[in-house]
Each structure stands twice: as structure tokens, then as C-alpha cells.
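Enquirer: Pasting a structure here, questions to come.
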Amino acid sequence: MAKQSLAREFFLFIKQEKKWWLVPLIVVLLLVGALVIFASSSPLAPFLYPLF
């Protein structure tokens, strides 16, 4: 059996188990994570801190 990527395996799990409500949750978590990484390494960081 070929190795599957984590994203593909997760998508197959969602499709098989009919857990579509997980998709918005994962998207929001990824966006918040990207915002935190961007806020910590950007010259705009002092302006983003009030959001948290």
C-alpha cells in the first residue's frame, strides 16, 4: 500500500465517516495559526496584537 499524505487521509476519513462539520473547524484553525505566525514575524505585529 502506498503512503498517503496526511491531508488525503484526513479527506478520505471525512468522506467515509460523513463528518463534514470538521472542515470549517480545520480551516479556521489553519487561518488562526497562519495569523499567529504572520503576526510574530511581521513589522505589523504591534498593530495585530490588539486582535488577541
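Values quoted throughout were computed directly from the atomic coordinates according to the rules given, and no laboratory measurement underlies them. Small disclaimer: the values here were computed from a predicted structure and weren't measured. Note that we place each Cβ from the backbone using ideal geometry, even for glycine, and neighbour counts take in every protein chain shown.
Enquirer: Calculate the FRET efficiency for GLU9 and SER40 from the Cβ-Cβ distance with a Förster distance of 25 Å, rounded to the nearest 0.05.
Expert: The calculated FRET efficiency here is 0.25.
Enquirer: If the viscosity is 0.890 mPa s and the temperature 25 °C, what Stokes-Einstein diffusion coefficient in µm²/s follows for the chain when Rh is the Kirkwood radius over Cα pairs? Provide the component values of the computation, followed by the final result.
Expert: Details: Rh = 13.3 Å.
Stokes-Einstein gives a translational diffusion coefficient of 184 µm²/s.
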